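The block underneath contains the structure these notes are about, expressed in structure tokens.
The values are calculated or read from the model by the stated rules, or taken from the named source; none is laboratory data. Note that the coordinates shown come from a computational prediction; the quantities given were computed from them, not determined experimentally. Counting neighbours? That spans all protein chains shown, and the Cβs are built from the backbone with ideal geometry, glycine included.
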Amino acid sequence: MQTNCTALAKVTVNKKLNTFRIVFSFDQHNRITVRNAALVTGDICDVANENANLYIAQAIQSAKAVLRTDNIVIVD
């Protein structure tokens, strides 16, 4: 069953490994932390990878299935 809730996604950089990670939350006050996260992806790819946007889009598509929502907004 799909829900109509809006999930917020924040793309973060793991400084230690220099990789991208996405944190998903349903908190509408833009306070996205690991504590209130509904889903946290692992390290997706290196920051210097030229296909980083493709890997981020694939992670968002898989998160839509896990979170059971089609409304995902990327915040900065």
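Can you tell which of 32, 22 is at pLDDT below 90 and either part of a helix (DSSP H, G or I) or among the hydrophobic types (A, V, I, L, M, F, W, C) (or both)? Before the answer, list the steps.
On the way: 22 fails: at pLDDT below 90.
The unique qualifying residue is 32.
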- Query: Taking the range 11-69, which residues are of a type in the set (D, E, K, R), free of Cβ contacts under 8 Å to residues at least 12 places away in the same chain and within 27 Å of residue 1 (Cβ to Cβ)?
  - Reply: 35, 64
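How about the range 47-76: which of its residues are charged (D, E, K, R) and not in a strand (DSSP E or B)? Show your work before the answer.
Pass one, the range 47-76, residues charged (D, E, K, R): 50, 64, 68, 70, 76.
Within the range 47-76, 50, 64, 68, 76 meet the criteria.
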